Amino acid sequence: MILRRERPGDEAAIAAVHAAAFARPESPGDEAPEVELVTQLRASDAWIPALSIVALADDAIVGHVLCTRATIADRYAVLGLGPLGVAPAHQRAGTGQALVHAVLAAADALDEPLVVLLGSPDYYGRWFGFVPASAHGIEPPEEWYGAAFQVRALTTATGTERGKFAYAPAFAVVS
């Protein structure tokens, strides 16, 4: 497996990965919202090209993750992680873990302070050091996020990044 930044021309393969990863059996034929979300994020001011990473196997894109610009208390620039998608044939083989480790390392190298996500506390806590965002005084955009709303402090985090979190506007548009 090779990890690298997204390049021009990768868009269709990335869309195919997310379409397969997030396919909903109860709605065959409906495009997964994550496909449109990535498209909208890519076209927005929240897009950070260095934080869109793909995984390749046999020269084909089989996974994708990205972090985009988000804010805390409309004041602190932080990152929101997601979506993370892995083609079904490559799931449970370490591809997703490799992608998350890569995007966290890239974010840290860019001196980003925090990465926030909505995901499994067991998975993201165990493998990547995420903790409940509430432990850092960070409030979710929606109360129902509960324990799945997590944060990972990076090297430049100061601990002053407290308040209500807001994803890039594309997250509110695409559902």
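Derivation of every value follows stated rules applied to the coordinates shown; laboratory data play no part. Since this is a predicted model, take the numbers as computed values, not measurements. Heads up, the Cβs are rebuilt from the backbone with ideal geometry, glycines too, and the neighbour counts pull from every protein chain shown.
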Some residue of the stretch 62-71 being within 28 Å of HIS136 (Cβ to Cβ), among the charged types (D, E, K, R), surrounded by 15 or more Cβ atoms within 10 Å (Cβ to Cβ) and touching a residue at least 12 places away in the same chain (Cβ under 8 Å): yes
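Take the stretch 37-75 and flag every residue that is part of a strand (DSSP E or B), among the hydrophobic types (A, V, I, L, M, F, W, C) and within 15 Å of VAL116 (Cβ to Cβ).
VAL65, LEU66, CYS67, ALA70, ILE72
For the stretch 62-100, enumerate the residues that are of a type in the set (Val, Ile, Thr) and under 11 Å from the mean Cα position of the chain (by Cα). Write out each step before concluding.
As a first pass, look at the stretch 62-100 and keep what is of a type in the set (Val, Ile, Thr): 62, 65, 68, 71-72, 78, 86, 95, 100.
Passing the criteria: VAL65, THR68, VAL100.
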Conditions (1) surrounded by 15 or more Cβ atoms within 10 Å (Cβ to Cβ); (2) more than 15 Å from the chain's Cα centre (by Cα); (3) within 29 Å of GLU36 (Cβ to Cβ); number of the one not met by GLY146: (1)
Subset of the stretch 6-32 [over 15 Å from LEU56 (Cβ atoms), in contact (Cβ under 8 Å) with a residue 60 or more places away in the chain and buried (at least 17 other Cβ atoms within 10 Å of the Cβ)]: HIS18, ALA20, ALA21
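Do we have any residue at all in the stretch 115-122 that's farther than 20 Å from TRP47 by Cα, charged (D, E, K, R) and under 17 Å from the mean Cα position of the chain (by Cα)? If you could, list the steps in order and put the result at the bottom.
Taking the stretch 115-122 and keeping what is farther than 20 Å from TRP47 by Cα, we get 119-122.
Filter once more, so that each one left must be charged (D, E, K, R): 122.
Next, from what is left, pick out any that are under 17 Å from the mean Cα position of the chain (by Cα): 122.
The answer is yes, given that some residue of the stretch 115-122 is farther than 20 Å from TRP47 by Cα, charged (D, E, K, R) and under 17 Å from the mean Cα position of the chain (by Cα).
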Count of residues meeting criterion [over 18 Å from ILE53 (Cβ atoms) and more than 18 Å from the chain's Cα centre (by Cα)] in the stretch 1-28: 5
Number of the exception - GLU139 against (1) surrounded by fewer than 15 Cβ atoms within 10 Å (Cβ to Cβ); (2) over 16 Å from GLU112 (Cα atoms); (3) without any contact (Cβ under 8 Å) to a residue 60 or more places away in the chain: (1)
